[in-house]
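The structure under discussion is supplied below as structure tokens; questions concerning it will follow.
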Amino acid sequence: MPLRWQEVAVPLVVIVSLIVLKYLPMTSGLPLARAAGVVAFGYAAFLALRLVQSEEAVSVDGWSELRPSMVEYFACYGAAALAVVLMSAIIVIGGVRHVEPTQMIATFIASLLLGGGAVAIGLGGLFTRVRWNNSQVEHRNAFGRETTLAWSDVRSVRPNWRGVTIATHDSRRVTFSQFHSGAAQLAKHATNRARRNTETAAKAFATL
């Protein structure tokens, strides 16, 4: 699946924001240049892994199934590891020497954001299951809740911040990550089904 504009804009906005904050008196003492470097390195790794993301789903017993990609594993476990490192630094360094409260608070907030991001990626990507065949698409979230949509009921396929959402005429939805291996294949298949359903409905209405 091609890069979306959000995947380019968000890292650039974060890096530029960190550089700007570095020159503000209130945040000039924070290691924002290092943070910008970490973001830039992480984005470079993201792009490299995005290039090797598989476009084809895995076939299992007559079903096509999405699988988490290396991008999601890297983002989830990398963010979790960095959150642990930052929290450990707060505990160890804070007990050994005096550190400015602003730096401690900023590091604590960063560790919480990274930890929350890791949990969100895990729940929304690594521990979900999406598969489909010729008649339906099934989605099971991290808590075991299953949603099944018949292809004949699909009305629209739209990208959003959470990934790609397949919606039916009765407002039932299935959302999957665009970073899953095979996501492009499912998005294309769902789009074709939605267009076919719309054309069929238009022809049926015209004959009335």
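The values are calculated or read from the model by the stated rules, or taken from the named source; none is laboratory data. Source: prediction; values computed, not measured. When we count neighbours, we look across all protein chains shown, and the Cβ atoms used for this are built from the backbone with ideal geometry, even at glycine. In case anyone asks, the SASA skips ligands and DNA or RNA and just uses the protein heavy atoms, side chains included. Shrake-Rupley method; radii C 1.70, N 1.55, O 1.52, S 1.80 Å.
Quick one: what pairs do we get from segment 56-71, first residue closer than 15 Å to ILE121 by Cα, second buried (at least 19 other Cβ atoms within 10 Å of the Cβ) and of a type in the set (Ser, Thr, Tyr), C-beta under 7 Å, 6+ apart or different chains?
ARG67/SER181; SER69/SER181
For residues that are closer than 17 Å to THR191 by Cβ and surrounded by 15 or more Cβ atoms within 10 Å (Cβ to Cβ), scanning just segment 120-135, find the one that is nearest to the chain's Cα centre (by Cα).
VAL130
Let me confirm something: among ARG145, ARG155, ARG140, which residue is open to solvent by 40 Å² or more (accessible area, probe 1.4 Å), in contact (Cβ under 8 Å) with a residue 24 or more places away in the chain and not assigned by the TED database to the domain that holds GLN6?
Working: ARG145 fails: in contact (Cβ under 8 Å) with a residue 24 or more places away in the chain; ARG140 fails: in contact (Cβ under 8 Å) with a residue 24 or more places away in the chain.
Unique residue meeting the criteria: ARG155.
Does GLU199 count as more than 22 Å from the chain's Cα centre (by Cα), open to solvent by 40 Å² or more (accessible area, probe 1.4 Å) and not assigned by the TED database to the domain that holds VAL14? I'd like the intermediate steps shown before the answer.
On the way: more than 22 Å from the chain's Cα centre (by Cα): yes; open to solvent by 40 Å² or more (accessible area, probe 1.4 Å): yes; not assigned by the TED database to the domain that holds VAL14: yes.
Considered against the rule, which asks whether it is more than 22 Å from the chain's Cα centre (by Cα), open to solvent by 40 Å² or more (accessible area, probe 1.4 Å) and not assigned by the TED database to the domain that holds VAL14, GLU199 comes out as yes.
Those residues that are more than 19 Å from PHE127 (Cα to Cα) and within 13 Å of the chain's Cα centre (by Cα), I need them from segment 153-181; list them, please.
Listed by number, the residues that qualify are PRO159, ASN160.
Considering only segment 64-73, I want to know if a residue exists there that is surrounded by 14 or more Cβ atoms within 10 Å (Cβ to Cβ) and over 19 Å from the mean Cα position of the chain (by Cα).
Yes, that holds for at least one residue.
Could you check, for segment 173-196, whether at least one of its residues is modelled with pLDDT of 90 or more, open to solvent by 50 Å² or more (accessible area, probe 1.4 Å) and not in a helix (DSSP H, G or I)?
Yes: one or more hits.
Taking VAL38, is it open to solvent by 40 Å² or more (accessible area, probe 1.4 Å), closer than 28 Å to ILE109 by Cα and under 22 Å from the mean Cα position of the chain (by Cα)?
Numbers: open to solvent by 40 Å² or more (accessible area, probe 1.4 Å): yes; closer than 28 Å to ILE109 by Cα: yes; under 22 Å from the mean Cα position of the chain (by Cα): yes.
Spelling it out, VAL38 is indeed open to solvent by 40 Å² or more (accessible area, probe 1.4 Å), closer than 28 Å to ILE109 by Cα and under 22 Å from the mean Cα position of the chain (by Cα).
I've got another one for you. Could you list, in sequence order, all residues of segment 102-113 that are among the hydrophobic types (A, V, I, L, M, F, W, C) and open to solvent by less than 50 Å² (accessible area, probe 1.4 Å)? Don't jump to the end; show me each part of the working.
At the first step, the residues of segment 102-113 found to be among the hydrophobic types (A, V, I, L, M, F, W, C) are 104-106, 108-110, 112-113.
Residues satisfying the conditions are ALA106, ALA110.
Mind listing whichever residues of segment 8-35 are open to solvent by less than 60 Å² (accessible area, probe 1.4 Å) and out of contact with any helix residue (DSSP H, G or I) (no Cβ under 8 Å at 6 or more places or on another chain)?
The answer is VAL8, ALA9, SER17.
Another question about this same structure. With respect to the numbered conditions (1) in contact with a helix residue (DSSP H, G or I) (Cβ under 7 Å, 6 or more places away or on another chain); (2) open to solvent by less than 60 Å² (accessible area, probe 1.4 Å); (3) of a type in the set (Val, Ile, Thr), which one is the sole condition not fulfilled by VAL60?
(1)
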